[in-house]
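Have a look at the structure below, then the notes.
The values are calculated or read from the model by the stated rules, or taken from the named source; none is laboratory data. What you see is a predicted model; the values in this text were computed from it and never measured. Note that each Cβ is placed from the backbone with ideal geometry, even for glycine, and that neighbours are counted across all protein chains shown.
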Amino acid sequence: MAKPGFWDNQEKAQAVVDERKSLSGFADPVTEALVANDDLAAMIEMAAEDESFADEVPAAIGQLEKWVEDLKLKVLLSGDHDSDGAIVSINARDGGTDANDWAEMLLRMYIQWAQKSGAHVSLLDRQDNEEAGINSATIAIRGPMAYGYLKGETGMHRLVRISPFNSEGKRQTSFAAVDVSPEISDTIDININEDDVRVDTYRASGAGGQHVNKTDSAIRLTHAPTGIVVQCQNERSQHKNRASAWKMLRSRLARFEEEKREAEEAAKYQQQAKTGFGSQIRNYFLHPDQRVKDARTKFQMGNFRAVLDGDIQGFLDATLRWRAGQPIEQDGE
């Protein structure tokens, strides 16, 4: 990073910076734990001679145990693409306008989590609904272990609340589907036969200025063998949208292959695959009580608003432990 000309290529430079952050995320806690271990040994030795130091030992042990537990969690982030960025797609499903509103709430939740985690967020595509919320949106989250943490978010998210769009004030259940793929580096070869991909151009919709809305700048790619469809309309240039769409397709295909391997591995042990698009993974309740509970890990939080403000790390950590077969603390509060 100190070499002259390092920032001449912004994209490559940012990739190196992100890689360094990921490595530091492992190395720094190890260093801190080793230092704390040495300090604890010295404290215990001093406590044997001076009882005034003895009162500080339990707190020091507790802190060291916390660091060790954090390191155990980080070791679980060892998948092929865990250190990559994450491409997160959100689609409104059953529930009418409530589902569109719910999809936008989830979009905000992931953006808030990313910002609190020090990650960068880029909007790749957004389709607004005419009444409220969004039909769909796709964002790229680039930060330390972004995909490793977020890949367990793939699935159906269910909201139960008193609908603000219902004049009778009835309870409404709405659904939004989340799909998370790794943002694959251009240096990794993903074999795509271009003859298998249909390319459609269309006019972008929603906010974006006159130029965006008056030209066929939006791109949709359909991969015939898998049925995977990606689209991008956020850039002013069709060329940039095309490049982003191809990156999204490469990412979805990498995730598709990863899911196939997971299913094959699960079949060996006569288990169901632990992840899968379309499975209901989490319930968010605003009525009759406020709580959020994961259907797989049983981890829950009673502060609904905090979760929607991006406080989802407890759910992400619990999913990592669940996938590894480790015990999970059931209540996050």
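Quick notes on this one:
- Listed by first and then second residue, the pairs linking a residue in region 302-314 that is surrounded by fewer than 14 Cβ atoms within 10 Å (Cβ to Cβ) to a residue that is of a type in the set (A, V, I, L, M, F, W, C) and modelled with pLDDT of 95 or more, with Cβ atoms under 9 Å apart and 6 or more places separating them unless they lie on different chains, are Q313/W113.
- The set of residues in region 69-117 being in a helix (DSSP H, G or I), among the basic types (K, R) and closer than 28 Å to V160 by Cβ consists of R108, K116.
- All conditions in (1) assigned by TED's automatic domain parsing to the domain that holds F299; (2) farther than 28 Å from K293 by Cβ hold for I61, with the sole exception of (1).
- Cross-chain or 6+ apart pairs with Cβ under 8 Å, region 77-99 first and closer than 22 Å to P144 by Cβ and without any contact (Cβ under 8 Å) to a residue 12 or more places away in the chain, then aromatic (F, W, Y) and assigned to a helix (DSSP H, G or I): none
- The residues in region 60-76 that are within 26 Å of S181 (Cβ to Cβ) and either exposed (fewer than 15 other Cβ atoms within 10 Å of the Cβ) or at pLDDT below 85 (or both) can be counted, and the count is 3.
- Here R161 meets the list (1) crowded, with 23+ Cβ neighbours inside 10 Å; (2) of a type outside the set (S, T, N, Q); (3) in contact with a His (Cβ under 6 Å, 6 or more places away or on another chain) almost entirely, failing just condition (1).
- Unmet requirement for V30, which otherwise passes all of (1) surrounded by fewer than 14 Cβ atoms within 10 Å (Cβ to Cβ); (2) in contact with a helix residue (DSSP H, G or I) (Cβ under 8 Å, 6 or more places away or on another chain); (3) without any contact (Cβ under 8 Å) to a residue 40 or more places away in the chain; (4) within 23 Å of P144 (Cβ to Cβ): (3)
- Here A137 fulfils each of the conditions (1) at pLDDT 90 or above; (2) surrounded by fewer than 21 Cβ atoms within 10 Å (Cβ to Cβ); (3) assigned to a strand (DSSP E or B) apart from (2).
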